[in-house]
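One structure is given here, and the rest of the page talks about it.
Each reported figure results from applying straightforward, stated rules to the coordinates on display, with no laboratory input. A quick note: this is a predicted structure, and the numbers were derived from the prediction, not measured. Glycine gets a Cβ as well: all are built from the backbone with ideal geometry, and neighbour counts include every protein chain shown.
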Amino acid sequence: MTSGKESILRQNWRQRPFEHVMHMFWFICAISSIIGIFFILFFLLCDAFPAFLDIGFIPILTGERWDPASAIPKYGLVPLIAGTLMVTIGAMVLAVPFGIACAIYIAELASPRMRNVLKPAVELLAGIPSVVYGFFGLIILVKTLQDLLQIPTGESVLAGSILLGIMSLPTIISVSEDAISSVPRYLKEGSLALGATHWQTISRIIIPAALSGITAAVILGIGRAVGETMAVIMVTGNAAIVPEPLWNILSPVRTLTGTLGIEMGEVAVGSLHYHALFGVAVVLLLITLLINLAALTVMKRIKNSQTGGEGKKGLIPAFMMPDILSGTSRYLPYIIVVILCICLICIGIWQGALIVAIIFAISQIIDILMVRQQIQRLWFSIITGMMGIVTIILCLILYDIFSHGVPYVTLDFLTQSPKNLGRGGGIFPAIVGTFLLVTGSILIALPLGIGAAIYLVEYTRENFLTRIIRTATDLLNGTPSIVFGLFGFTFLVLYMGFGISLLAGMITLGLMVLPTVIRTTEEALRSVPDGLREGSYALGATRWQTVRRVVIPPSIPGIITGTILSIGRAAGETAPIMFTAVVFMQRRLPDSVLDPVMALPYHLFILATNVPGARNNQYATAVVLLILVILIYGVAIMIRYHYDKDTRW
């Protein structure tokens, strides 16, 4: 790279000003993530400050009742925090074992052909919009729980836990599978050479070695569950109470995100209730920031261990790894079970702790009495069965929606405006509105994201500023979508005066998908060999000429993949546009960017929760939205597969 820099310095003075301009432009793009985080924090704190000043931060956190509509309004977050924690813990109880089992199956047990099928299926599970999950939960899951358990309503902690567990599975599976696949082959081969079975190698060598990555996957899954809005609104019952007893999983609850989604649209701007809701948003943002910082810390340690760390803090010598891992694996199951039992006892679910202890004791007895091959067959059968259950869940969701919705997706439905509060007519304005929102958000995020990635990879070395930019990007990526919606409402709709408009929605969605564009583009640029850059510099090209003519062309497949994934996420989001861009009924198309629009996710949410007798159009709208997102993610997967195949050749 030194020769490249010297060649740039030797350029004539006419070329230098343009290089400086491009350098400054990429730098401005790179700090956009920092600016985004700063603006979100600043405007949320500004709107929350009056509530903290009037009520007090500690009284809000420790208040035992949330009832803004009572004669003496109460703004206590304990019921909301309790509801959030209960649903999240329940989701992790389901998602963690199933996610790790599926990751083991994909990485260690599946054939190459099966792996090529399962990985895209998991990514498809991640791409399904949350409002579609919520619709499935409201129509199928809630009704099923109500009938099976003979209870007045199925909207409860249990329903929310099951649904959020399903939604968290793709994150846990993907990150855990990457961690398991990255374990050095010599550890596995050494274990097998010493006479261990495949299961003993997985449980005592591979899993302990990948434990940091699996921990990061669980933390990211927790962040996914805590930040979800639309699905929990639709299935948890939205009662701001602390269940009695605390472990009553059939009780309705309300989460922090659900409170924001339900009440923000009806509150008077500037009232104490309004400012208290921003206080809720601040608490939610702080929780998610802490979760994401924990995940980033774990992932950073993984990266350091894989690359040799910093300076003398490198890897444990390779010859010491098997002994250390063997000692770790001996006590790891006991440590995990003890921690889990203590957590269950602390939150009052002592019966659950007893069940966990009994199951673990039985597993240990089986381990002692059965021979190694029988134990391996048993565990492999369990893991395969869990993978099958996850696959069946995906197929069940898709089958239910398509079987009920496809017959009603007609040409008239796609080309007409809605009638009779959405019970009749079609969804043409919602399709156009979704297209406009997505197009505008990508036009905003794409140049900023590509520019930020170019600066981070091509125009600077790793330093304090680049670490801040990457951390801000990761934190922005982990920010709940409802927080983006509140920021867009307070800054764009009110402060900037855009009103509920297409422009406000475009900017909000653009800011939300910006981290995805930055990360995918950065990885695509890093995949270009340094030899190509050095050859370009040696021929006298400037830095920008090298980037434009040598680096970007081979990076285009990765950039396109990131763009398509961003389009898919923007098309399926509801919370960011609820308060910034959309209305439920609009017969005409927008005349300018300052007009509100309809959008498919919001239209489905209102149809499912507020319009009785619209079942046919509910399913048909879900089908159209699902097909749109599946096509988008399918194209991204095909491009990546084609690019990977070319790379292997």
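Some notes on this structure:
- Rg/Rh for segment 78-256, where both radii come from Cα atoms and Rh is the Kirkwood radius: 1.07
- For Trp66, residues with placed amide H under 5 Å, excluding near neighbours: Gly76
- Identified option (computed Cα extents along the principal axes in Å; candidates (i) 75, 66, 50; (ii) 79, 70, 56; (iii) 84, 59, 55): (ii)
- Loop-located trypsin sites (Lys or Arg not before Pro) in segment 442-548 whose Cβ has at most 15 other Cβ within 10 Å (DSSP): Arg461
- Long-range amide H partners of Lys419 with built H, under 5 Å: Gly424, Gly425, Gly426
- Rounded to whole numbers, the Karplus 3J(HN,Hα) couplings from phi for segment 239-248 are 9, 7, 9, 8, x, 10, x, 4, 8, 6 Hz, using 6.51 cos²θ - 1.76 cosθ + 1.60 with θ = phi - 60°, and x at Gly and Pro.
- Under 20 Å between alpha carbons - lysine pairs in the chain that sit 8 or more apart or on different chains: 5
- Quotient of Cα Rg and 2.2 N^0.38 Å for segment 49-163, N being how many residues it contains: 1.52
- Dividing the summed -39500 (n - 2.57) terms of all DSSP H runs of n ≥ 4 by the residue count of the chain sets its mean residue ellipticity at 222 nm at -23500 deg cm²/dmol.
- Intensity falloff of segment 193-250 expressed as log10 I(q)/I(0), Debye formula with alpha-carbon point scatterers, at q = 0.18, 0.21, 0.23, 0.26 Å⁻¹: -0.79, -0.89, -0.96, -1.06
- As a rough guide to protection, the peptides 39-45, 427-433 ranked by mean Cβ packing within 10 Å, highest first, stand as 427-433, 39-45.
- Each peptide in 550-558, 266-274, 227-235 was scored by the mean count of other Cβ atoms within 10 Å over its residues; highest first, the order is 227-235, 550-558, 266-274.
- Database remark: amide H of Asn238 closer than 5 angstrom to the amide H of Val253 (H placed geometrically; neighbours at sequence offset of 5 or more, or on other chains; Pro and chain starts carry no H).
- Ordering Ile207, Ile577 from the fewest to the most neighbouring beta carbons within 10 Å gives Ile207, Ile577.
- Couplings for segment 276-283, taken from phi via the Karplus curve 6.51 cos²θ - 1.76 cosθ + 1.60 with θ = phi - 60°, read 5, 5, 5, x, 4, 5, 5, 4 Hz in order; Gly and Pro are left as x.
- Derived scalar couplings ³J(HN,Hα) [segment 465-471; Karplus, 6.51 cos²θ - 1.76 cosθ + 1.60; whole Hz; x for Gly, Pro]: 5, 5, 5, 5, 5, 5, 5
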